[in-house]
Structures are given as structure tokens and as C-alpha cells.
2 protein chains.
Amino acid sequence: MSPQRGPSGHLIVIGGHEDRQCDKAILAHFVALSGGPDARIAVVTAATAHPEQTWDTYCKALGDLGASHCEHIHIETREDANRAELAAKLADADGIFLTGGDQKRLLANLGGTELDTAMHRAFKEHGACIAGTSAGASAMSGHMLAEGDGLDRPPTEGVSLRAGFGFLQRVVIDQHFSERHRLARLLTVVAQNPYLQGIGIDEDTALVIDRGLGVEVVGQGAVTIIDGRSMLSNAAEVDQCDTPELIDVRLHLLPAGKRYELGADDHANDHLPPPLLDFLKNVTKRNPAS
Amino acid sequence: MSPQRGPSGHLIVIGGHEDRQCDKAILAHFVALSGGPDARIAVVTAATAHPEQTWDTYCKALGDLGASHCEHIHIETREDANRAELAAKLADADGIFLTGGDQKRLLANLGGTELDTAMHRAFKEHGACIAGTSAGASAMSGHMLAEGDGLDRPPTEGVSLRAGFGFLQRVVIDQHFSERHRLARLLTVVAQNPYLQGIGIDEDTALVIDRGLGVEVVGQGAVTIIDGRSMLSNAAEVDQCDTPELIDVRLHLLPAGKRYELGADDHANDHLPPPLLDFLKNVTKRNPAS
């Protein structure tokens, strides 16, 4: 994947705790894919209860990487998120970074506002790079994994979906995946929503999506794909408190360092295993239905 | 599955911490499949460093279930494990229970001894029921997951296989599966040994195997099957410290309460999904190669 900014924009979906002190590999990708040191970068801290502290961290890390035009987009209310001057800044941004915190707070404040519209314009109209980490990562898909924890095995308690920003469709994203042992939670979502491909992203790991072209895994861990579309299951029949039967879930583990490029036509993709090709086509769609 | 003892013997593979106080559902299955209250039951404590305490627990629990002929097979050395009178007791047993502890200790003391031979005779010649919990469960397969812990994602550190008792072949068993978050460990084993189907068993959960006939999941949790035989992987090329790429691992989740019966011929198995049928045929083989 070329580090130059493409016309269709990149998405960087980060599993949380990306390195901000040492090599900062993921943030360096973000700066490069936004256009380099001169890129206009907006850091949206609306997910966190500690926006100033979070901004300080990213301001320093991105500055260390040479990014000289970083701005803090600080939103506390939906009124803030409809302010025209902030929306204009986001619409003009070359790179937009959604920090961690709570994805429910992020969507409650930004969902459907002028800032939401502005982010999509930046992405679609001039190919901005949109990155999200932890809560910011979960928020990037149309169906957002909002909460659900507790049990180690499916069904996990209180797993719920909400509406996310929809930069990706037909997927559901979980973060801190291996570190917080979230397979059971992602299996629960996929069992109940086999339409969605589950993407579990480890800490300090990012799925970098180049629309129409391919994906790359950057960082230290791996991306786990849970694909239940050809699964057989009794999830619709069993009580929500009971463990469902799941037969033939497909699991892929994509380690950091791997790149998967899509060819110009299906023939050029013969080297890709069909279930992986299917995943790649899904996440690299240029215009996902919203 | 009938609770009567079959001519070919049952295997009960338990994920550890089976209930010994309340309904004791798994131990009740063990007593029933051994032949009921009059069954000659042998409790082998060779895996544990606390054999007397472990025996006391099982003696009481099995007694509460009506088993009136329970005996403690206490082994401290390989010499003990070659004692003719102990071997005779095991060969005559209707039910043999391998307790938890350390599977390396268990195999180091029993592997290849007269007691090992006697257990196989009991199983094959008069259809004894062989149960193992935790370390005792891991020890039941030919390739035994001996150790390996640490990292949350593949490759986990120091995963190693040793030779187990071989009541099951072409599988590798892990226990305390969901509770100790052992997916990464089982994926590591399967990535390195795709010949083996991974079986992860939750605590207070058992995979009950009726040779030639089918399986049943008993208890509170689930059995997770990890099948990497059609997987694509670079595990052979990457450094052992690096995360391998895994494409198209099949995962099945079989919850407690489920029974899967094999028909008399392939036509009678049309209702079973092929990947599950394949697993069932493998684990229910009457005479696995050793």
C-alpha cells in the first residue's frame, strides 16, 4: 500500500493502546496516509471524559512525527457538534483521528450532526484518512458494538449494538481483542447477527483499509476475523441466556506485517483464498450502503 | 445416548472443575456409563501432588451418587505403576477416573506401564468408561498438550506436545478453555499441527464420547472445536516467535445439552453438517491408530 494519500481515502481501525512513545508505527501510518507533515489533522476527543489530557498526548505524539498542523476538535454537546466552524474544519481535514473513550458517548454527541456529515465529506470528497482507536475504532462501522462484557463464553451478557458512523458496513468491530479476551463477545454478536463479519483488533494493532485496493495489518498484534455467514446455528431458538450451538464459523488470523491487495478483476485475485477475498471485497468497498 | 454401558466403552473428557457438590451431573454420567451403583470404579490420582485429598473428594462425591465400589489407585512412581495387583484392578474396572493435576506427571509415571496397558484393556475388552478431568482430560489424546501459557495471542509461548494415553487420536485437548482464555494456545497448536483437531472444553463441561455412535455435551459450558485442516497458513515459514497467518480455520461451538448421533451409514448422516460429521467420525472411531 502506498503511503501517498489516495483519492478515495483510507480507514485506520486501531485496537487501542497504539504506541505513542516509541516507534509510533500506527500513528506514523496515519500521518503518512493523511498526506505527511503538512496534512491538516483533526483530533476528535468526543469519546473521552478527559479530552484535554487525551489531546495533549496525541498533539505531542503527532508533533514528534512531524505533523505540524494538528487541531483539537473538542465536543461536549450535540450543539458543539453542529457548530459550522468546527464542521468546516473537519470537512477540510486531511486526517481525522477519533480517540478512545466510550463509543456510546461519541455517537450520542456526534451521530447525525454537522460534524458527522463533515467527516464523511472529508473522506468521500477529498480522500481524507479516518482513523479511530478503541472506542473510536468501534464507532467506524455502521453496526457498532456498544457494550457487553462479563462471561467468558457465549452468550456474553448484555451485548448490544448501536448505530455507528458507517464508514464500514456489514462488519462489527471489537478492540483490545486478545488482551481483553473478547472472542466470546464477538462470537455472541456474530451468532445473533450473522450478516455482520466480526473484526477483532488487538492492542497496538491496526487494520489499514485502502478503499478498492486492499488492506494491511500494522503494529504488534493481529486482526481476527469471525465470519458466521455460512454458519449453522440455533441462536434464533435458544433463550438469550443459553449458549447457542455454532457450526462452521470461519476464523482468520491476519498478523501485523501482512498486506492483502485486490487485483483489478476477479481473475487477478485467484491467489487469494475465497473467504479472505470475500472479506477484502467487503471492507474495501468504495461506497458502502449506509 | 443410552446410560447403559456399551460394549465398546465410553470416554468422558472433562474441562476441569466439574461439580462435585450439587447436582454432580458429569460425575453422575460417569457412574451411569460405568454401569451404575455396583460398578467397580477406580480413581487414579497420579496426576496430582495431593492424592489423598483428591481421593477424599471423589470418594465422597461418587459415594453420594450411589457408587459403592470405589477404589483409590495411588501411584507415586513408575514402579508402583507396574505393580501387578494394581494393574489387575484397573483391567477389571468398569469405570476409571483420571483426576486433575499435571498431565506431564501423569504420563511420566504411567505412560507405557502395566497400568497404562490395563486401562486400555479395560476400555477395549470389556467396555469400561474412561473419564479424565483437567490434566486427566488432556492426557486422553495421543498428542497431549503438555504446557504453554503466557501470551494472549498466537503464538503463545512454550506450547509443547507430549505423548498421551491415546484413547483419542488426531485431536489435541485443552481444558478450562473459556475460563483461562486458551483460544490463543489452542490456535497455536493447531497452526503448528494442522493434522490435529483442537478440542477446548470449558469447566464443569464434558464431552461424552460413545464409540461408533455419537457424542454428547454435558454440564454447564460448551466444547469448542478448532479445525485447521483446510486452513491456509504460513506457520511453517514464520519464526516461532511471530504470529502466524491463519486463513479459514473452522470453529464449532457445541453447548451443553447437545447430542450428536451418527447414523448407520453416510446416508443416515445427511442431517449433520459435513465439518461436524467429520469431527464426530474422528472422535468416535472404535479403534484409533495408536
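The values are calculated or read from the model by the stated rules, or taken from the named source; none is laboratory data. Since we're looking at a predicted model, the values are computed, not measured. Virtual Cβ from ideal backbone geometry, glycine too; neighbours counted across all protein chains shown. Quick note on the areas: whole protein, heavy atoms, side chains included, nothing else; ligands and nucleic acids left out. Shrake-Rupley method; radii C 1.70, N 1.55, O 1.52, S 1.80 Å.
Just need a number here: residues in the range A:108-122 that are among the polar types (S, T, N, Q) and open to solvent by less than 10 Å² (accessible area, probe 1.4 Å).
Let us first name the residues in the range A:108-122 that are among the polar types (S, T, N, Q), namely A:109, A:113, A:117.
When the remaining residues are screened for being open to solvent by less than 10 Å² (accessible area, probe 1.4 Å), the result is A:113.
Adding up the residues that qualify gives 1.
Select, from A:R211, A:R250, the only residue that is more than 9 Å from chain B (Cβ to nearest Cβ), surrounded by 15 or more Cβ atoms within 10 Å (Cβ to Cβ) and either modelled with pLDDT under 90 or in contact with a helix residue (DSSP H, G or I) (Cβ under 6 Å, 6 or more places away or on another chain) (or both).
Working: A:R250 fails: more than 9 Å from chain B (Cβ to nearest Cβ).
So the residue among A:R211, A:R250 that is more than 9 Å from chain B (Cβ to nearest Cβ), surrounded by 15 or more Cβ atoms within 10 Å (Cβ to Cβ) and either modelled with pLDDT under 90 or in contact with a helix residue (DSSP H, G or I) (Cβ under 6 Å, 6 or more places away or on another chain) (or both) is A:R211.
Could you tell me how many of the residues in the range A:181-196 are more than 12 Å from every other protein chain (Cβ to nearest Cβ) and either surrounded by 24 or more Cβ atoms within 10 Å (Cβ to Cβ) or of a type in the set (K, R) (or both)? Please lay out each step first, then the result.
To start, the set of residues in the range A:181-196 that are more than 12 Å from every other protein chain (Cβ to nearest Cβ) comprises A:189, A:192-196.
Filter once more, so that each one left must be either surrounded by 24 or more Cβ atoms within 10 Å (Cβ to Cβ) or of a type in the set (K, R) (or both): A:189, A:196.
Total satisfying the criteria: 2.
Select from the range B:253-265 the residues that are out of contact with any strand residue (DSSP E or B) (no Cβ under 8 Å at 6 or more places or on another chain) and either open to solvent by less than 60 Å² (accessible area, probe 1.4 Å) or at the interface with chain A (Cβ under 7 Å from one of its Cβ atoms) (or both) and list them in ascending order. Can you show your working first?
Initially, the range B:253-265 is screened for residues out of contact with any strand residue (DSSP E or B) (no Cβ under 8 Å at 6 or more places or on another chain), giving B:263-265.
Selection gives B:G263 alone.
State whether one or more residues within the range B:235-243 are closer than 24 Å to B:E179 by Cβ, over 26 Å from the mean Cα position of the chain (by Cα), among the β-branched types (V, I, T) and within 11 Å of chain A (Cβ to nearest Cβ). Spell out the reasoning first.
Taking the range B:235-243 as the starting set, the residues that turn out to be closer than 24 Å to B:E179 by Cβ are B:243.
Restricting the remaining residues to those that are over 26 Å from the mean Cα position of the chain (by Cα) gives B:243.
Still in the running and among the β-branched types (V, I, T): B:243.
This time we only want the ones that are within 11 Å of chain A (Cβ to nearest Cβ), so: B:243.
Checked the range B:235-243: at least one residue is closer than 24 Å to B:E179 by Cβ, over 26 Å from the mean Cα position of the chain (by Cα), among the β-branched types (V, I, T) and within 11 Å of chain A (Cβ to nearest Cβ).
Just to check your reading of the model, which residue among A:E125, A:E147 is away from chain B (no Cβ under 14 Å), open to solvent by 10 Å² or more (accessible area, probe 1.4 Å) and without any contact (Cβ under 8 Å) to a residue 40 or more places away in the chain?
Values: A:E147 fails: without any contact (Cβ under 8 Å) to a residue 40 or more places away in the chain.
After applying the criteria, what remains is A:E125.
Looking only at the range A:219-232, count how many residues are under 26 Å from A:K285 (Cβ atoms) and either part of a strand (DSSP E or B) or facing another protein chain (nearest Cβ under 8 Å) (or both). Don't jump to the end; show me each part of the working.
So in the range A:219-232, the residues under 26 Å from A:K285 (Cβ atoms) come out as A:219, A:221-231.
Then drop every residue that is not either part of a strand (DSSP E or B) or facing another protein chain (nearest Cβ under 8 Å) (or both), which leaves A:219, A:221-227.
Residues in the range A:219-232 being under 26 Å from A:K285 (Cβ atoms) and either part of a strand (DSSP E or B) or facing another protein chain (nearest Cβ under 8 Å) (or both): 8 in total.
Within the group A:A191, A:A146, A:A184, which residue is within 25 Å of B:Q175 (Cβ to Cβ), in contact with a Lys or Arg (Cβ under 6 Å, 6 or more places away or on another chain) and not polar (S, T, N, Q)?
On the way: A:A191 fails: in contact with a Lys or Arg (Cβ under 6 Å, 6 or more places away or on another chain); A:A146 fails: within 25 Å of B:Q175 (Cβ to Cβ).
Criteria check complete, one pass: A:A184.
I need the full set of residues from the range A:150-164 which are small (G, A, S) and crowded, with 16+ Cβ neighbours inside 10 Å, in order please.
A:G164
Name, by its number, the condition in (1) within 14 Å of chain A (Cβ to nearest Cβ); (2) assigned to a loop (DSSP other than H, G, I, E, B) that does not hold for B:E216.
Result: B:E216 fails condition (2) only.
Go through the range A:24-79 and count every residue that is touching a Pro at 6+ places or on another chain (Cβ under 7 Å), outside any helix (DSSP H, G or I) and either modelled with pLDDT of 95 or more or buried (at least 18 other Cβ atoms within 10 Å of the Cβ) (or both).
4
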